[in-house]
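Asks: Quick one: the structure is below, questions incoming.
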Amino acid sequence: MRSVEALVERRERGDILIFMPTEQDIRETCALLAGRFQEGFSILPLFSRLTIAEQQRVFRSSTVRKIIVATNIAETSITLPNIRFVIDTGLVRISQYNPRSRTAGLPVRPISRSSADQRKGRCGRVQNGICIRLFSEEDYLGRPLYTPPEILRSSLAASFSGCSPLIWAISTPFPSSTALPQRAFVTGSISFWNSAP
């Protein structure tokens, strides 16, 4: 809230984009902002489960400044017009498979440096902008450069279901540009065979 207040006090033109990790965080943040900034602002949520009509509201021109509270959908999937200020929590909800427990989840995790840089880039498209990161530079520098590829975060059981039986003659995972952990390969094949009729 303090970061938004600091940007509003600047009395500069341009909309504000806030990155939050979950739908619940977005709804709670929008409620807090609506209670604090009742006049002169339009508080808009943006996440994938909204209807198309609700999502389209962020693209419409407005006579008042917009404060858009979004998931990482606003990081790369779409370009929002008139964003001059970004507030980045540095968090994202990301799919993750645990081969030990054979469960998939959507935990909240710190974003990578490349994601943080992508979010920062959202504020400089119209004119010079300001990005406020709610994490330290030391924290930023300690993060991985890139988000791990989805194939390293997913169960491979579904992938095996489309494979030819000849694949089982191979004793090691197929070659790829990203080496698959042996545990993920073995767990995926075991899960597939356990579910086979």
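Asks: For region 95-114: of the residues being closer than 14 Å to MET20 by Cβ and touching a helix residue (DSSP H, G or I) at 6+ places or on another chain (Cβ under 9 Å), which is surrounded by the fewest Cβ atoms within 10 Å (Cβ to Cβ)?
Replies: Checked region 95-114; the qualifying residue surrounded by the fewest Cβ atoms within 10 Å (Cβ to Cβ) is VAL108.
Asks: Something else about it: Here is a check on your reading of the model: is VAL126 at pLDDT below 80, surrounded by 13 or more Cβ atoms within 10 Å (Cβ to Cβ) and assigned by TED's automatic domain parsing to the domain that holds GLU23? Walk me through it before giving the result.
Replies: Details: at pLDDT below 80: yes; surrounded by 13 or more Cβ atoms within 10 Å (Cβ to Cβ): yes; assigned by TED's automatic domain parsing to the domain that holds GLU23: yes.
Criteria met by VAL126.
Asks: For region 12-23, check the following and say yes or no: at least one residue is free of Cβ contacts under 8 Å to residues at least 24 places away in the same chain, under 23 Å from the mean Cα position of the chain (by Cα), assigned by TED's automatic domain parsing to the domain that holds ILE111 and more than 10 Å from VAL69 (Cα to Cα). Spell out the reasoning first.
Replies: Residues of region 12-23 free of Cβ contacts under 8 Å to residues at least 24 places away in the same chain: none.
Within region 12-23, not a single residue is free of Cβ contacts under 8 Å to residues at least 24 places away in the same chain, under 23 Å from the mean Cα position of the chain (by Cα), assigned by TED's automatic domain parsing to the domain that holds ILE111 and more than 10 Å from VAL69 (Cα to Cα).
Asks: To continue, here is another question. May I ask you to list the residues in region 45-73 that are basic (Lys, Arg) and either in contact with an Asp or Glu (Cβ under 9 Å, 6 or more places away or on another chain) or part of a loop (DSSP other than H, G, I, E, B) (or both)?
Replies: ARG49, ARG60, ARG65, LYS66
Asks: Would you check which residues across region 1-29 are of a type in the set (A, V, I, L, M, F, W, C), part of a helix (DSSP H, G or I) and modelled with pLDDT of 95 or more and list them? Working first, answer last.
Replies: Going through region 1-29, the residues of a type in the set (A, V, I, L, M, F, W, C) turn out to be 1, 4, 6-8, 16-20, 26.
Applying the additional criterion that residues be part of a helix (DSSP H, G or I) yields 4, 6-8, 26.
Result: ILE26, single match.
Asks: Looking only at region 64-81, which residues are surrounded by fewer than 19 Cβ atoms within 10 Å (Cβ to Cβ) and modelled with pLDDT of 90 or more?
Replies: The answer is VAL64, and nothing else.
The values are calculated or read from the model by the stated rules, or taken from the named source; none is laboratory data. Because the structure is predicted, anything quoted here is derived from the model rather than measured. Here the Cβ is made from the backbone with ideal geometry for all residues, glycine too, and neighbour counts use every protein chain on show.
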